[in-house]
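Just so you know, all these numbers are worked out from the coordinates, no wet-lab data involved. Just so you know, these numbers come straight off a predicted model, no measurement behind them. So basically every Cβ, Gly included, is an ideal-geometry build from the backbone, and we count neighbours across all protein chains shown.
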Amino acid sequence: MRISGLIALLLLGLSSSLFAGELTFSNFARDIHLVPEQGRYVVAGSGQRVQISNRLIVQALPALKRDDLLYLHPAFTRAVLLFSSQRSQYFVMDVQAGADLQAVMQAVSRQPGIGLVQPDILQLANRADTPAARATSSEYRLPALTSLWQRSKGRGVKIAIIDDGFDLAHTELAHVSLAFSYDAETRQLQAQPLARRDNHGTRVAGVLFAAHDGSGLNGVAPEAELIAIRQPDTWTSNTLLSFHLAALAGADVINCGWTTDLLLQPVADVVQELAQYGRNGKGIAVVFAAGNEGRAIAEGSSEAAIADAIVVAAGDASGQRLPSSNFGASVDLTAFGGSVESTAIHGGYARLGGTSLASAIVSGLAALLISADPERDLDELLTQLKVITPALAPVATAAAPAALSGELNAGL
């Protein structure tokens, strides 16, 4: 489906949340039990609180059309495509008020051509920035992105940021070429911050796109195009939609400076699809922050456990992992995550650190590498990123002590 047609359907909006009985659904071939508690739900065994709606996420074979799904159960009132590929597609299905969600899930999951059925779930997002000590001059060294910037500053590459909103009126971001913008919460073709808490995306955008104008910040890939997708919540349906729109808009790199506490199979499936088959078969670089709880990343625990994602831990100026950064076998790279000053909403500046900063730096580096050689596939890209990231650290510019560089000997 073309991006305009998909948006037309989504502008109709989604139904509100509801409260039902105990629910059980399959996730990576394991049962997840949701137990009612004080008007919401708790994931049995973990205590995590979530919210559900009168919507189901349904995975179907490509041969099944939207109208085919509506006939799968009499309780279905509407079907909206969220993600499609050659192998499968995901729909969000509105369920009639008062219907037994558990019974509907069980009935639909037995139908031919259906691979997975889950509730549409809202869980608490973890933005992957963390308070960090203010960087001092001793942590900086001579500009180090020069070897890459001499070849490219990201021109011809599209970076999608899925985050909580973007103040592109900031003077550091006024030059940004906006390829596409969308708000997954309001279903509007814009991605401006809408709440006071919407401050993370603008900081990430500054790390990636701040103008090289002789003053202020120096973004890692200032000449790349931006696909701005505001996704301030964690509804599964909104997350799948955000990834699908990023891919439809032509993203080469997708930056995700966040994780959730429960990795849901539809999200992992979509990331795998984009990494393996996106960018005309070369693979989209889907970059996730590792998280800042200082703990090992357990298998299947969060988006940072997705094998096909590029997962980034945070390090200090010498490249050593910060104690606050999550770690584990799924982590691919470590980049600087100490603290830098970046763009903030309403034209201001604010500090960004932790794995949000580290993952944004890696997303920018990926864009530079793709710009220099558009035929690099994802494996080649990751190999080159591993060569250049260990020595990554920020340096001061004459105008601001927070420009993003490090001594890179990329050998490009």
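Assuming R0 = 22 Å, what is the FRET efficiency of A97 and V35, from their Cβ-Cβ distance, to the nearest 0.05?
Values: r = 22 Å, r/R0 = 1.00.
About 0.50, to the nearest 0.05.
Please report E22, E375 as a ranked list, fewest other C-beta atoms within 10 angstrom at the top and most at the bottom. Before the final figure, lay out the partial values.
On the way: E22 11, E375 8.
With the sparsest Cβ surroundings first, the list reads E375, E22.
Please state the shape class of the range 126-388: rounded when a/c is under 1.5, otherwise prolate if a/b exceeds b/c and oblate if not, all from the C-alpha gyration tensor. Let's see the in-between values first.
Details: a/c = 1.16, a/b = 1.08, b/c = 1.07.
Rounded is the answer for the range 126-388, as its axis ratio a/c remains below 1.5.
If you restrict to DSSP beta bridges whose two residues both lie in the range 198-350, what percentage is antiparallel, to the nearest 5? If you can, show how the numbers build up before the last one.
Numbers: 3 of 15 bridges.
Counting only bridges with both partners in the range 198-350, antiparallel ones make up about 20 percent.
Report ³J(HN,Hα) in whole Hz for each residue of the range 274-289, in order, from the Karplus equation J = 6.51 cos²θ - 1.76 cosθ + 1.60 where θ = phi - 60°; Gly and Pro get x.
5, 5, 8, 10, x, 6, 6, x, 7, x, 7, 7, 9, 9, 10, 6
Among T77, T383, which comes first, second and so on when ranked by fewest other beta-carbon atoms within 10 Å?
Values: T77 14, T383 11.
Ordered by Cβ neighbours within 10 Å, fewest first: T383, T77.
Using amide H atoms built in the peptide plane, which far-off residues or other-chain residues are under 5 Å from V286 H to H?
Hits under the 5 Å cutoff: I254, I310.
Which percent, nearest 5, of DSSP beta bridges in the range 126-388 are antiparallel?
Details: 8 of 35 bridges.
So the antiparallel bridges in the range 126-388 amount to around 25 percent.
Of the chymotrypsin sites (Phe, Trp or Tyr not before Pro) in the range 209-318, which ones lie in a loop per DSSP and count no more than 16 other C-beta atoms within 10 Å?
Details: sites: F209, W235, F243, W258, Y277, F288; in loops: W235.
Nothing satisfies the criteria.
Using each residue's phi in the range 310-324, evaluate 6.51 cos²θ - 1.76 cosθ + 1.60 at θ = phi - 60° and report the 3J(HN,Hα) Karplus result to the nearest Hz, with x for Gly and Pro.
8, 9, 10, 8, 9, x, 8, 5, 8, x, 7, 4, 5, x, 6
Points 7 angstrom from Cα along the Cβ direction at K386 and Q150: gap in nanometres?
2.7 nm
Only loop residues by DSSP count here, and only those with at most 14 other Cβ atoms within 10 Å; note down the GluC sites (Glu not before Pro) in the range 271-321 that meet that.
Values: sites: E273, E293, E299, E303; in loops: E293, E299.
Loop-located and lightly packed - E299.
Would you mind ranking V287, V204 so that the residue whose beta carbon has the fewest other beta carbons within 10 Å leads the list?
Values: V287 27, V204 30.
Ordered by Cβ neighbours within 10 Å, fewest first: V287, V204.
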